[in-house]
Each structure stands twice: as C-alpha cells, then as structure tokens.
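One structure below.
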Amino acid sequence: MASTSPGARPHRLVALSGGPVAAAPGAVWLVGAGPGDPDLLTVKALKALAGADVVVHDGLVSDEILALAPRRARRISVAKRRSRHSYAQEEICRMLVAFAREGLNVVRLKGGDPFIFGRGGEELEACREAGVTCHVVPGVTAALAAGASAGAPLTHRGAAQAVTFVTGHAKAGEAPGLDWPALARANQTVVIYMGVATAASIACRLMSAGRAPSTPALIVENASLPIERRIASTLGSLAEAAAGLEGPALLMVGEAMALAQPGHGRGAQDAPAPAMKEIG
C-alpha cells in the first residue's frame, strides 16, 4: 500500500487484502507506551497489547515492550527519525483503518502519550471518518518521567505555578513560531520536546523575550532508560549543553529545575562544569 518516493528511505511494503469489511469489525487502540521503561506501562496498556492482532509501533518502542504482545501478533515498525520516515502519516492512518476493517484488533503503540506530540489526534480522526472504533489509552509522557527521575517537579509552589509543553521541531534549524513572550514569563516550567536541534534558537528567543539567562535548565536524554543522561545547565548555556546529544531528549527550562538532584540517574556520569553539569 505504501510506495517509496525518490530520495525516501526504502521500507517493506505492507500487503492489505482490500477486501470487504469483516462480519465482526475490529478496532484500533491508540496506546501510550510511556517513555521507555516497561514498568511505566499502564495496566490498561498491557491489556490492550495482550489482545492485539497487529501492533503498529514507533521506532522508539523497545523490544522489551513489544515482547509483551502475543507471539501471534504481527509487528509493523513505522519508525520516524529526523527527516526520515518509513511511512508517511497518511499511509499509517490508512493502514490502521484497513486492518481494523479486516476484523483485527490493531494496537498503534506510541512512545509517551498518544496525544502529546504523537499525532494521535490525526489517527483518531482518520478512524472516526472511516467509521472504525478507536480507543485511546494514555501513557506516561517523557516530561513526567524526566522530572521524576531528576527530582525536579514540573510545578512547585513559589517556583512554578504553570507548566507548558511545546515542540521545538521546526525546519531549517529554526525555533517554531510560538508565543515567546508568554513562555518567557518567570515562575513557570517550559518543556520543549524535539528541541535539541533548535536549542540555540529556542534559548535566544526566550532570552530576547525577557527570560533571564540565569534561569535554571535541565536536559534529559533517553528518559527512564538505563542509559538516561541528565545535564543541568542554565538558559544562557542551553545550546552548549545540548551540543552533541544524539538520543531523544527534553529541554526543561524554569526555576523549579534548580531542584534537580544527583543520585537518581541510571547510567549517567558526573561531569561538573562552571555553567552546566551532568547529574546522576
């Protein structure tokens, strides 16, 4: 059903019968797999996986989590990396609908939570338009796991009366078009997903809008995994702190990030520096 366009990354075709709708139609389950640690899966997510005929999963979902699905279940990776997608989003939506119409229970397994920068809303809309039953199972989003492991609360009396999740994903290395003056207000936590590549631009926009360069910042790479890495910094040093990171990482800016403590990391190494340090 999916073709390979010029310059695109080759991928396996997924054959669908295209036949009539099954007598007993299946359903689609949009399931949050959490940040990576299998222990952070919800009970409802486990139950959904146990009943899966097909698992359509993100690339960041670990083999350990995929192993919780029945052995008979077909597993299809729709991994997305920077500018390299194995399937376009439209193809994924058509895949989910087609399998459900064949009478199969389809689990769309997503890292984190389906509705936090996971395109779950697009897939839900596609199912609704096709008349396919769609269930949503929330998951632990990476920001919650990152804050918990670092001992840095996202909200904290006297330091963070609000928390905002934003995306740092934009084209050509530029920060996205956001309400920077609102994000630059003090006493709030701003969590930037997919912002490593645009860390310099994001820091510049926040400081230009009035956020102090001395505002505490925290970067958490591979949150909840054994290779988790945490780097404490400031807004003014955020770009330098993010340089060279390769794994999925969150940028967390706000006064409450000063509460991040060492001793909670899973595999991080201490590397103190005047403006930044790895903790854990």
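Throughout, read-outs are computed from the coordinates displayed, never taken from laboratory work. Worth saying up front: this structure is predicted, and the values here are computed from it rather than measured.
Things worth noting here:
- Relative contact order computed over the range 27-137 (Cα-Cα under 8 Å; 6+ residues apart), in percent: 43 percent
- Its residue count N fixes a reference of 2.2 N^0.38 Å for the range 20-72, and the Cα radius of gyration divided by that reference is 1.22.
- Geometric extent, Cα atoms of the range 27-137 - Rg, Dmax (angstrom): 12.6, 34
- Cα centroid separation, the range 156-231 to the range 120-145 (Å): 25 Å
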